[in-house]
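First comes the structure, then the notes that go with it.
The values are calculated or read from the model by the stated rules, or taken from the named source; none is laboratory data. All values derive from a computational prediction rather than experimental measurement. So basically every Cβ, Gly included, is an ideal-geometry build from the backbone, and we count neighbours across all protein chains shown.
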């Protein structure tokens, strides 16, 4: 336990340690089983749809929900070990948790909210308040110190909640959908700030979100979970280019197909719906190791990712040109995005195609109309299915 | 009642009936009962609101029993428990030499018995609707359960504790049945205002009206004062 005389909250923690968790959680029909490692200073984004178990994961790490099996360790200390029946209480874990709904104490001023952890650990009132003021100052919100949470805007409350969590000098920082409750403009503003403050935190950080952009911008690594299981883990670039599931592909806005490798020379992939695509594409920053770059064996299960902007749409049959992939389909729907139009085409394979608004008017597209699609083989990225 | 009051006789009546003594006793006992109710009732309400132990529904029934029980029956029950030959009373006398029935302390016990359920019910409701997420937040900040109760939960339900306390105080001030059964009607020792009114009514009805008027005035005054301070909706501490 900390002493009242410990160094102020502004100093970095000397004993920052890696988070290693391998945990199982069962509650009724829902089961969560995950293994994670997060190094000190690293930010892991846990991305997943609602009900995937993101919040359950955070609650388990914070000790608010008991795990049914597994171990959680941070640095040298063991927080949970189901085999040995060991489980630290939440208050002994030194975990900073920024709740989605902030959970600021309504009867305390902002300063006393931030000073709460120091007071709970036995620091004197004056010292706790001084340290709280320092933290507020560092986050640029010292002018809010004497206000009550009820009068704060969403963005201000978010900053205060973060300040309160950081002021408790946590060894693990957990953020539950930190930007979800904010309006679009504030979200943009806070996201930039959050990046800065998270970079200063020396321990491991886990950020839970359903917003891929938030994960890409804030995190060093992304773990995608669906139905309580990890489905993909990698750098933001990796997840964005090579989605492992339909859910991730949708999030990052890619067409995703699965099939088997039919020809190694031309890299033809026979898709599950009977059609084929030639996939000669490379990631610009594809890993250098030969294992990944080497073409797999014929018959290997593959995933094929194709960006909607890389597909050309024609209203008449096209001559064989440079594009290796050609197929036709009918328009199932049109959706106006901010700066372009997304056309859903039913065919083999079905595809989302992005065209400009000008092209939409010029081509006079209608739902039900037959169209021809082409895509260069170099735009089609194929990779072994995980 | 105000109309029928014997205004010109008031000073004489109040002096003869020992009204001042009875009023003093009433206020002291009601306040004492309220203090005990808060000290015992708030932890009890917390247990009722938060514990999931098997005996909780039974405990809740026992705690709220005085709300539905005629106070006289309550008084009989207290007499059986705390009387000289009662289960608790016998033990109490053997250990301390003190007995509760027919003493001022007995009045406080009787009033606590009928007043505490008001406080417990009010505070339990507030604890149930209090945001338990805040208690979780306090735990992540290193606060132990008792400290969390003191620093977070209690301040948030304080308006309800005050409201329940006032309700209990008002109920204790008007207490009659349990008091007269358990503590008797001894002027200066256990004769509170309601008992004095009852005694006066048997012999001198106009005096009873006068005494009632005094009790009414005091109750209204206190409730109005408290209302302004603590019972206004939306008060936070």
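Here are a few things to note about the model shown:
- Scanning segment A:95-109 for residues being at the interface with another protein chain (Cβ under 9 Å from one of its Cβ atoms) and either part of a helix (DSSP H, G or I) or touching a strand residue (DSSP E or B) at 6+ places or on another chain (Cβ under 7 Å) (or both) gives a total of 4.
- Among the residues of segment A:150-173, at least one is more than 30 Å from residue A:20 (Cβ to Cβ), free of Cβ contacts under 8 Å to residues at least 40 places away in the same chain and within 14 Å of chain B (Cβ to nearest Cβ).
- Test: residue in segment B:156-171 that is more than 20 Å from the chain's Cα centre (by Cα) and within 14 Å of another protein chain (Cβ to nearest Cβ): yes
- Residues being out of contact with any helix residue (DSSP H, G or I) (no Cβ under 9 Å at 6 or more places or on another chain) and surrounded by 16 or more Cβ atoms within 10 Å (Cβ to Cβ) - total across segment A:134-190: 1
- Residues being within 14 Å of residue B:50 (Cβ to Cβ) and touching a strand residue (DSSP E or B) at 6+ places or on another chain (Cβ under 9 Å) - total across segment B:108-161: 1
- Residues in segment A:65-94 that are part of a loop (DSSP other than H, G, I, E, B), away from every other protein chain (no Cβ under 14 Å) and in contact with a helix residue (DSSP H, G or I) (Cβ under 8 Å, 6 or more places away or on another chain): 1 in all.
- Of the numbered criteria (1) within 12 Å of chain B (Cβ to nearest Cβ); (2) in a loop (DSSP other than H, G, I, E, B); (3) in contact with a strand residue (DSSP E or B) (Cβ under 9 Å, 6 or more places away or on another chain), the one residue A:52 fails is (1).
- Filter pass, residue A:112 being within 14 Å of another protein chain (Cβ to nearest Cβ), out of contact with any strand residue (DSSP E or B) (no Cβ under 8 Å at 6 or more places or on another chain) and assigned to a helix (DSSP H, G or I): yes
- Elements of type helices (runs of 4 or more DSSP H) in segment B:63-153, at least 2 residues being within 22 Å of the chain's Cα centre (by Cα): B:71-82, B:87-96, B:104-129
- Scanning segment A:123-146 for residues being under 21 Å from residue A:194 (Cβ atoms) and within 14 Å of another protein chain (Cβ to nearest Cβ) gives a total of 2.
- Checking each residue of segment B:91-107 against the condition of being within 14 Å of chain A (Cβ to nearest Cβ) and either touching a strand residue (DSSP E or B) at 6+ places or on another chain (Cβ under 9 Å) or closer than 24 Å to residue B:23 by Cα (or both) gives no match.
- Residues in segment B:136-169 that are over 30 Å from residue A:172 (Cβ atoms), buried (at least 24 other Cβ atoms within 10 Å of the Cβ) and without any contact (Cβ under 8 Å) to a residue 40 or more places away in the chain: B:157 only.
- Within segment B:129-155, being within 22 Å of residue B:34 (Cα to Cα) and more than 8 Å from chain A (Cβ to nearest Cβ) holds for B:149, B:150, B:153, B:154.
- For residue B:126, the requirement of being within 14 Å of chain A (Cβ to nearest Cβ), without any contact (Cβ under 8 Å) to a residue 24 or more places away in the chain, more than 20 Å from residue A:109 (Cβ to Cβ) and surrounded by 18 or more Cβ atoms within 10 Å (Cβ to Cβ) is not met.
- Condition met for residue A:204 (crowded, with 22+ Cβ neighbours inside 10 Å, in contact (Cβ under 8 Å) with a residue 24 or more places away in the chain and within 23 Å of residue A:37 (Cα to Cα)): yes
- Residue A:53 vs. criteria crowded, with 18+ Cβ neighbours inside 10 Å, within 23 Å of the chain's Cα centre (by Cα) and at pLDDT below 95: yes
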